[in-house]
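Participant: Take a look at the following structure, please.
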Amino acid sequence: MFVYVGAYTEPPSGSADGIAVFRFDDGTGELHPVQTVPGVVNPSWLTLDGREQILFAVNEEGEGRISAFARDAATGMLRPLNDQRSHGADPCYVSLDSSGRYVLVANYSGGTVAVLPVADDGRLAAATCVIHHQGTGIRPEQEGPHPHMIRPSADGRCVLVTDLGIDQVLVYRLDTSTGQLTPNEQGPAAVMEASGAGPRHFAFAPSGRTVYVINELNSTVTVHDYAPERGELHARQVVSTLPDGVDGPAMGNSCAHIAISPDGRFVYGSNRGHDSIAIWEVADVNGELRPVGYEATRGKTPRSFSLDPTGAWLLVANQDSDTIVPFRRDPGSGRLTATGSVTRTPSPVAILFSQD
């Protein structure tokens, strides 16, 4: 099994050389270096195609781009293919539609989302669709739209976008014959989070009928019921990502990533400032959450983390301490235990496991 690590390469955000490739030891949780792919500017989010033959990376910079790499399944190594404009500044998330024919990208500072076709050999073509979001929020960080994540729904019928700048989760439909995104017409085209919440990332429950949205600016998670037929979201519950009595604003806490265990029983979210992984149990069939605890990440600013495909391990990328820390996960309680192993690598901000 291999692990791909995205990082910031440009000061002041970071000093990495590019995408780092490691072999993962699923017995110890240790990472062993395989390759560093140089010359990739700020690859702050990564994704693999369904066959794990192509890796796509954002290039988070003023003139944003998306890069494609061929992947050798035997060695884990990457070979550059090509790149294309993302049509917006600071692309921060890339995913593929359910057909695997299109790459979807969120441009944070540009306030845009875009669709790029993928050729049979994995190379990217020029964008077929670019949509500009509009609006502002109440916080200084919300001076304009900031799309932060774009990904298809669990059943592939819709494409969801969290926009931190306008406190919305937007719902689109993708026409795979033309590569065009259009606002959802079979249900609401957007749902509002709390004013100033700053929705950042989301995760679908295995059932596809619950969506968990982590809100960067007010340190909460919103649990939404999701109706796949209509692409409709309804908020059911809001929970804090911090322990009782912890003053998030005082410590400058902000949330980053959210993920669900493969069995759907536990949800995890990262706190930057409190420097912890929050753990919740899925308490009932409606997807509501019950706090389990908080695990210190043994580092500073856990921007991202990832569960391995079996759910036995959780790896945390501590951006400002230049470390990746592995935790064993108890499948019964959901709790995490650090092994003591630490991998030092510059400014890690994205972790991606291969399946093999």
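Participant: In segment 267-302, what residues are under 16 Å from the mean Cα position of the chain (by Cα) and of a type in the set (S, T, N, Q)?
Facilitator: Ser270, Asn271, Thr301
Participant: Need a quick list: strands (runs of 3 or more DSSP E) entirely within segment 1-47 having at least 2 residues that are touching a residue at least 60 places away in the same chain (Cβ under 8 Å) and within 28 Å of Ala312 (Cα to Cα).
Facilitator: Values: elements: 2-7, 18-24, 31-38.
The qualifying strands (runs of 3 or more DSSP E) are 2-7, 18-24.
Participant: Could you list, in sequence order, all residues of segment 98-112 that are in contact with an Asp or Glu (Cβ under 7 Å, 6 or more places away or on another chain), within 13 Å of Pro152 (Cβ to Cβ) and not aliphatic (A, V, I, L, M)? Give the derivation first.
Facilitator: Just the residues of segment 98-112 that are in contact with an Asp or Glu (Cβ under 7 Å, 6 or more places away or on another chain), to begin with: 100, 104, 107-110.
Those still in the list that are within 13 Å of Pro152 (Cβ to Cβ) too: 100, 104.
Within segment 98-112, Gly100 is the sole residue that qualifies.
Participant: Which one of these is under 20 Å from Glu216 (Cα atoms), among the small types (Gly, Ala, Ser) and touching a His at 6+ places or on another chain (Cβ under 7 Å): Ser347, Ser270, Ser276, Ser306?
Facilitator: Ser270
Participant: Determine which member of the set Thr343, Thr301, Thr339 is over 21 Å from Thr210 (Cβ atoms), without any contact (Cβ under 8 Å) to a residue 60 or more places away in the chain and touching a strand residue (DSSP E or B) at 6+ places or on another chain (Cβ under 8 Å). Even if it seems obvious, please write down each step before you answer.
Facilitator: Values: Thr343 fails: without any contact (Cβ under 8 Å) to a residue 60 or more places away in the chain; Thr339 fails: without any contact (Cβ under 8 Å) to a residue 60 or more places away in the chain.
Going through Thr343, Thr301, Thr339 in turn, just one is over 21 Å from Thr210 (Cβ atoms), without any contact (Cβ under 8 Å) to a residue 60 or more places away in the chain and touching a strand residue (DSSP E or B) at 6+ places or on another chain (Cβ under 8 Å): Thr301.
Participant: Separate question: Sort out which residues of segment 313-342 are of a type outside the set (Val, Ile, Thr), part of a loop (DSSP other than H, G, I, E, B), closer than 27 Å to Ala16 by Cβ and at pLDDT 95 or above, and write them in order of number. Spell out the reasoning first.
Facilitator: Kept after step one, since they are of a type outside the set (Val, Ile, Thr), are these residues of segment 313-342: 313-315, 317-322, 326-336, 338, 340-341.
Going one step further and asking which of them are part of a loop (DSSP other than H, G, I, E, B), we end up with 322, 330-335, 340-341.
Those left that are additionally closer than 27 Å to Ala16 by Cβ: 322, 340-341.
The answer is Asp322, and nothing else.
Participant: With Val113, Val130 as the choices, which residue is buried (at least 22 other Cβ atoms within 10 Å of the Cβ) and among the aliphatic types (A, V, I, L, M)? I'd like the intermediate steps shown before the answer.
Facilitator: Working: Val130 fails: buried (at least 22 other Cβ atoms within 10 Å of the Cβ).
Criteria check complete, one pass: Val113.
Participant: For segment 240-279, what are the residues that are surrounded by fewer than 19 Cβ atoms within 10 Å (Cβ to Cβ) and either among the hydrophobic types (A, V, I, L, M, F, W, C) or more than 23 Å from Gly332 (Cβ to Cβ) (or both)?
Facilitator: Scanning segment 240-279 gives Ser240, Asp244, Gly245, Val246, Asp247, Pro249, Ala250, Met251, Gly252.
Participant: Evaluate the following for Gly264: is it at pLDDT 95 or above, under 19 Å from the mean Cα position of the chain (by Cα), assigned to a loop (DSSP other than H, G, I, E, B) and not charged (D, E, K, R)? Explain how you work it out, then say what you get.
Facilitator: Working: at pLDDT 95 or above: yes; under 19 Å from the mean Cα position of the chain (by Cα): yes; assigned to a loop (DSSP other than H, G, I, E, B): yes; not charged (D, E, K, R): yes.
Here the answer is yes, as Gly264 does meet what is asked.
Participant: Whether any residue in segment 63-75 is within 23 Å of Arg344 (Cα to Cα), surrounded by fewer than 21 Cβ atoms within 10 Å (Cβ to Cβ) and under 22 Å from the mean Cα position of the chain (by Cα) is what I want to check. Spell out how you get there, then give the answer.
Facilitator: Keep residues of segment 63-75 that are within 23 Å of Arg344 (Cα to Cα), which gives 75.
Checking the rest, the ones that are also surrounded by fewer than 21 Cβ atoms within 10 Å (Cβ to Cβ) come to 75.
Now drop any that are not under 22 Å from the mean Cα position of the chain (by Cα), which leaves none.
Among the residues of segment 63-75, not one is within 23 Å of Arg344 (Cα to Cα), surrounded by fewer than 21 Cβ atoms within 10 Å (Cβ to Cβ) and under 22 Å from the mean Cα position of the chain (by Cα), which makes the answer no.
The values are calculated or read from the model by the stated rules, or taken from the named source; none is laboratory data. Source: prediction; values computed, not measured. Note that we place each Cβ from the backbone using ideal geometry, even for glycine, and neighbour counts take in every protein chain shown.
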